[in-house]
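Asker: Submitted below is the structure of interest, expressed as structure tokens.
The values are calculated or read from the model by the stated rules, or taken from the named source; none is laboratory data. Owing to the predicted nature of the structure, the values given are computational and were not obtained by experimental measurement. Ideal geometry is used to build each Cβ from the backbone, glycine not excepted, and the neighbour counts take in all protein chains shown.
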Amino acid sequence: MSTFPPLKNDLILRAARGQPTERTPVWVMRQAGRYLPEFRKVREQHDFFSMCRTPEIASEITLQPVRRYQGLLDAAIIFSDILVIPQALGMTVEMVPGKGPHFPDPLVTPEDITRQIPHEKIDVVGQLGYVLEALTLTRHQLNGEVPLLGFVGAPWTLMAYMVEGGGSKTFSKAKRWLYQYPEASHRLLRMLTDACVDFLVGQVKAGAQMVQVFDSWAGELGPDDFTTFSLPYLKEIAQRVKATLATSSVAEHHHVPMTVFAKGAHYAIAQLGATEYDVISLDWTMDPSHVRSQLSTGKTLQGNLDPCILFAPHDEIRQRTRAMFEQFSAWDGEGQRHIANLGHGMHPDHDPEALRVYFSTIREVSTQLKAS
Ligand code: 1CP
């Protein structure tokens with residue numbers, strides 16, 4: 001392993017582990033993205049997945065928000081996409097500007113799994129070496145300013161894209177698979193789980209200091225289906241990643257915090273609380289104190305301002321951010337177990353200055369709380 005520069009700000013790692021912090025750390029989902037003019041400038045010249053595959057470009061984009069919000073951000077998240085896993089398994093995925101991901105040849109029947117996912121492609125870490133290189137390069141370039149986050153899409157969310165062929169309003173094709181082809185669905189979810197485990201372990205070895213599993217479409221499933229088709233795989237990912245890293249010869253790998261974001265899965269909070277994830281990320285429809293009341297174990301919560309509040313006048317952003325922050329600090333008994341974030345990602349038409357207001361408000365209110 002190459003030696004990385006010493007970390008100057010480990011607030012997010014401490015908050016994730018439930019250790020004391022002098023203020024609340026903050027980052028936002030999709031902080032490296034289309035709302036930034038500097039991102040759009042690079043994007044104009046390149047195809048999306050070529051950007052992901054070029055470590056220098058991926059690294060540059062990861063650093064853009066860290067530079068722009070100098071000192072206000074407490075983490076960087078590697079620029080990539082959850083759909084690099086389906087690509088590594090052999091599927092074609094294109095990113096259509098203004099529309100989103102598109103699979104020209106999605107999985108229609110279970111036979112398509114064997115046809116489209118050749119066995120020899122399952123060396124995910126080998127296929128995704130470019131993400132690992134981008135992580136290592138970025139960790140050096142960050143120079144210890146803030147920790148670097150890695151991520152994967154959860155098996156159910158990845159399966160949803162692979163069957164739907166892109167985004168969807170109802171996810172009816174993917175959900176139909178669960179009922180018509182439950183065995184094949186489990187076979188696919190299992191392959192994706194193996195890929196997620198290998199890829200996350202690879203990301204940590206390459207330099208990721210914390211990782212997040214995005215189950216963006218968890219809320220499309222009801223409680224029973226979530227318990228059958230998503231939760232066991234989410235659980236297994238945390239278990240296996242932690243067990244594998246515990247045997248690493250590098251001490252830093254032993255305590256890499258893991259976050260789960262099961263968007264919309266209100267009904268699953270207690271179950272998620274019983275997994276090995278350190279942090280549970282909440283969308284904006286979830287009430288932090290209600291969530292906290294359902295958790296018996298010491299977990300850190302992340303979130304959860306509605307991203308659309310960033311369209312409000314600055315004064316209202318300040319007011320709503322304060323109100324959000326207070327909901328989390330109400331149970332601040334065992335140390336500030338809160339990582340401030342939005343309840344989902346930035347939108348392309350957000351004003352970067354509105355996000356600055358959010359960051360500064362978090363800084364202000366959390367510093368005041370700690371000083372009081
Ligand atoms: O800044 C960051 O957060 C890091 C980079 C990142 C991450 C973590 C990107 C860049 N994508 C993701 C994860 C991701 N990708 C998720 C999980 C988080 C979430 O729910 O938002 C999902 C569902 C995707 C799939 C995806 N990729 C979508 C969503 C489409 C839909 O179904 O609604 C879209 C629009 C993309 C493209 C994408 N990914 C990232 C960027 C900057 C973009 C825009 C691409 C462009 O320029 O066209």
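Asker: Between SER329, SER248, SER293, which is farther than 23 Å from ARG30 by Cβ and without any contact (Cβ under 8 Å) to a residue 24 or more places away in the chain?
Answerer: Result: SER293 is the single residue among SER329, SER248, SER293 that is farther than 23 Å from ARG30 by Cβ and without any contact (Cβ under 8 Å) to a residue 24 or more places away in the chain.
Asker: Hey, among the residues in the range 253-274 that are within 16 Å of the ligand (Cβ to nearest atom) and more than 13 Å from the chain's Cα centre (by Cα), which one's surrounded by the fewest Cβ atoms within 10 Å (Cβ to Cβ)?
Answerer: For the range 253-274, the residue satisfying everything is GLY264.
Asker: Oh, and also: Considering only the range 123-132, how many residues are surrounded by 17 or more Cβ atoms within 10 Å (Cβ to Cβ) and either more than 16 Å from the ligand (Cβ to nearest atom) or β-branched (Val, Ile, Thr) (or both)?
Answerer: Total satisfying the criteria: 4.
Asker: State yes or no: is ALA208 within 16 Å of the ligand (Cβ to nearest atom), buried (at least 18 other Cβ atoms within 10 Å of the Cβ) and farther than 21 Å from TYR179 by Cα?
Answerer: Yes: the conditions hold for ALA208.
Asker: Quick test for you: out of HIS186, HIS140, pick the one residue that is closer than 30 Å to PHE4 by Cα, away from the ligand (no atom under 16 Å from the Cβ) and surrounded by fewer than 20 Cβ atoms within 10 Å (Cβ to Cβ).
Answerer: Criteria check complete, one pass: HIS140.
Asker: Kindly indicate which of GLU56, GLU38, GLU60, GLU22 is modelled with pLDDT under 95 and out of contact with any strand residue (DSSP E or B) (no Cβ under 7 Å at 6 or more places or on another chain).
Answerer: Result: GLU22 is the single residue among GLU56, GLU38, GLU60, GLU22 that is modelled with pLDDT under 95 and out of contact with any strand residue (DSSP E or B) (no Cβ under 7 Å at 6 or more places or on another chain).
Asker: How many residues are out of contact with any strand residue (DSSP E or B) (no Cβ under 9 Å at 6 or more places or on another chain) and among the charged types (D, E, K, R) if we restrict to the range 250-271?
Answerer: Going through the range 250-271 one residue at a time, the tally reaches 1.
Asker: While we're here: Using beta carbons and a limit of 7 Å, which pairs, at least six apart or on different chains, have the first residue in the range 72-90 and without any contact (Cβ under 8 Å) to a residue 24 or more places away in the chain and the second one among the aliphatic types (A, V, I, L, M) and in a loop (DSSP other than H, G, I, E, B)?
Answerer: Note: no pairs meet the criteria.
Asker: Only one residue in LEU342, LEU310, LEU355, LEU282 is over 23 Å from PRO20 (Cα atoms) and in contact (Cβ under 8 Å) with a residue 60 or more places away in the chain. Which one?
Answerer: Going through LEU342, LEU310, LEU355, LEU282 in turn, the sole match is LEU355.
Asker: Among the residues of the range 82-101 satisfying the criterion of being assigned to a loop (DSSP other than H, G, I, E, B) and buried (at least 18 other Cβ atoms within 10 Å of the Cβ), which is nearest to the ligand (Cβ to nearest atom)?
Answerer: ILE82
Asker: Considering only residues that are within 15 Å of the ligand (Cβ to nearest atom) and in a loop (DSSP other than H, G, I, E, B), which ones fall in the range 65-81?
Answerer: Matches in the range 65-81: TYR69, LEU73, ASP74, ALA75, ILE78, PHE79, SER80, ASP81.
Asker: Quick one: count up the residues across the range 219-235 that are in contact (Cβ under 8 Å) with a residue 60 or more places away in the chain and closer than 15 Å to CYS196 by Cα.
Answerer: Residues meeting the conditions: 3.
Asker: Does GLU56 fit the bill of being in a helix (DSSP H, G or I), among the acidic types (Asp, Glu) and away from the ligand (no atom under 12 Å from the Cβ)?
Answerer: Taking the combined requirement at face value, the residue satisfies it.
Asker: So, of the residues in the range 18-50 that are assigned to a helix (DSSP H, G or I) and more than 15 Å from VAL96 (Cα to Cα), which turns out to be nearest to the ligand (Cβ to nearest atom)?
Answerer: Filtering first and then ranking leaves PHE39.
Asker: For residues that are part of a loop (DSSP other than H, G, I, E, B) and crowded, with 23+ Cβ neighbours inside 10 Å, scanning just the range 217-239, find the one that is nearest to the ligand (Cβ to nearest atom).
Answerer: The extreme case among them is TRP217.
Asker: Do we find that VAL146 is in contact with a strand residue (DSSP E or B) (Cβ under 7 Å, 6 or more places away or on another chain), among the hydrophobic types (A, V, I, L, M, F, W, C) and either modelled with pLDDT of 95 or more or under 30 Å from HIS255 (Cβ atoms) (or both) in this structure?
Answerer: yes
Asker: Please report, ordered by residue number, the helices (runs of 4 or more DSSP H) entirely within the range 104-206 with at least 3 residues that are farther than 26 Å from PRO65 by Cα and among the hydrophobic types (A, V, I, L, M, F, W, C).
Answerer: 155-164, 172-180, 182-206
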